[in-house]
Amino acid sequence: MQKSLKDLISFSNGGLIVNDMAGLRSSMDSIIYDAVFSEDEPTKRAIQSLIIEAAKQFGAVPSPIKSLYEAIGEGRYSGFTVPAINIRGLTYDVARAIFRKAKEKSVGAFIFEIARSEIGYTYQRPMEYSACVLAAAIKEDFKCPIFLQGDHFQVVRRQYMAEPEKEMEKLKGLIKEAIEAEFYNIDIDSSTLVSLEMPTIKEQQRPNFEMTAHLAGYIDSIRPEGVEISIGGEIGEIGGKNSTPDELRAFLDGFRETFKKQKALTKISIQTGTTHGGVVLPDGSIARVNIDFDTIMTLSRIARQEYGLGGVVQHGASTLPEEAFGKFPEVETIEIHLATGFQNIIYDSKHLPQEFRQDVYDFIRREFTKDRKEGQSEEQFIYSTRKKGFGPLKKTWWDLPSDIKNAIAAEIEDKVGFLFEKLKVVDTKGIVEDAVRKEAVRKDISESLRRILA
């Protein structure tokens, strides 16, 4: 690899120059493999940095979605809902499938994200995730602002209550790591701190809006010069009761009073009846849920008209029935988060060898027995835990034969196409290019690369 890279890149004033982008694209499969699996950590980091810098030069630039959401809040654009997609396994292959469909349908309004919890059990640090997504963009010749998002950067209540300073140190460390990896979209989730025992809604939301304001201030203090990071807040922890207008106003008023800067938040996540991964029945199927679309429309309009936000966000959407997705643009949802549904396509694919699937399930039974809840059926346990089969077995998944991975990716592509149509983001590439300034943050990576090219 070192010899081939020497022929493809050079440096000028410390900056990376890609001399042969076509050659880099054709070599990307092996380059990204080394970026993920090299046993030498400095080498791995250097190759990840190379991919990210090359992507910027190519035209796939990590960007904040803030200006697009502000334009939607101002009424300049409307009628579509942005899908935010969490990739837990086969990240490079799945991202390629998404870019292929986006290119085919001229889609620009979509997000790649990973949650704090997912970073742990999928063994994907932010830098690796960025490199995988941007390598896929180069490979598929997709040139547009790329939105990388930290999803559910959550304050873990039990850890915060036990050791608040330690929990804040962890969360701030993750935020800093993500921004350094060019995640310019961060969703803060301190809804876990809401105190329902307090007598007024504002006092119930106070720990939430004060913590969100504190973390927003931290983000503002470390952001790269010229980058306005898009920040989301959350008022109702998913799986709880549906959110109300009074809760929304209490949170946003309190946030404004605390943060004292205009337009720090671009969106707000609410609860409308879903749970992450869906509700699993004893036979392993997913129970149907009733989404409160009236709540989405009401709160989205309040967020836009009274506070200038882009609107509200729906979490836990990927396992909803297909007929539900077309409703989200109708009720003016700004963004929906999609994770488990794509994981399910991978695990349930007819192209995934049964022996391989069984080996993963055996690993889960062996290594995660402690995660089994009392009363769970075998099907419920496997369904709720199989997300943890991606991280420890990441190389095994990656080393699946190409024909198998390509067939699974084709299924992903079909699903993505369906979602792009239903969410009405087809032909949004021009809107994104008009609304979002594609200005790369250039970084000097020459020293680290010279070490691996020596």
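Coordinate-derived values only; no laboratory data. Predicted model, so just to flag it, every value in this text is computed and none were measured. So basically every Cβ, Gly included, is an ideal-geometry build from the backbone, and we count neighbours across all protein chains shown.
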Tell me the label-point distance for the pair ASP141, GLN354, using the 7 Å Cα-to-Cβ offset, in nm and rounded to one decimal. 4.1
Between ARG372 and LYS176, what length comes free when the chain is fully extended (0.36 nm per residue of separation minus the Cα-Cα distance, one decimal in nm)? 67.2 nm
Shape descriptor, the stretch 372-454: equivalent ellipsoid semi-axes (Cα gyration tensor, sqrt 5λ, whole Å, largest first) stand at 35, 27, 16
Among (i) 146; (ii) 163; (iii) 220, which one is volume of the Cα convex hull per residue in Å³ computed from these coordinates? (i)
Under unit Cβ charges (Lys, Arg +1; Asp, Glu -1), what dipole magnitude, rounded to 20 debye, does the chain have relative to its Cα centre? 560
How large is ³J(HN,Hα) for each residue in the stretch 318-335, as worked out from phi by the Karplus curve 6.51 cos²θ - 1.76 cosθ + 1.60 (θ = phi - 60°), to whole Hz, x for Gly and Pro? 5, 9, 6, x, 4, 5, 6, 5, x, 6, 4, x, 4, 9, 6, 5, 6, 7
Mark the label point 7 Å from the Cα of ARG76 along Cα→Cβ and return the residues of the stretch 293-319 whose backbone N is within less than 20 Å of it. 301, 303-312
Whole-Hz ³J(HN,Hα) for each residue in the stretch 214-229, computed from phi via Karplus 6.51 cos²θ - 1.76 cosθ + 1.60 with θ = phi - 60°, x for glycine and proline: what do you get? 4, 6, 5, x, 5, 4, 4, 6, 10, 5, x, 4, x, 9, 9, 5
What's the local net charge at SER38, with K and R +1, D and E -1, over the other residues with C-beta under 10 Å away? -2
Please get the size of the charge dipole for the stretch 351-398, origin at its Cα centre, with Cβ charges of +1 on Lys and Arg and -1 on Asp and Glu, quoted in debye to the nearest 20. 260
Does the stretch 351-398 come out rounded, prolate or oblate, given a ≥ b ≥ c as the square roots of the eigenvalues of its C-alpha gyration tensor, rounded meaning a/c under 1.5 and, failing that, prolate meaning a/b above b/c? prolate
Report for the chain the percent antiparallel among DSSP-assigned beta bridges with both residues inside it, nearest 5. 15
Between GLU379 and GLU421, the FRET efficiency computed from the C-beta separation at R0 = 41 Å comes out, to the nearest 0.05, as 0.85
In nanometres, the difference between 0.36 nm per residue of separation and the alpha-carbon distance of ASN13 and HIS214 is 68.6 nm
Net charge within 14 Å of ALA250 by Cβ-Cβ distance, Lys/Arg positive one each and Asp/Glu negative one each, not counting ALA250 itself? -4
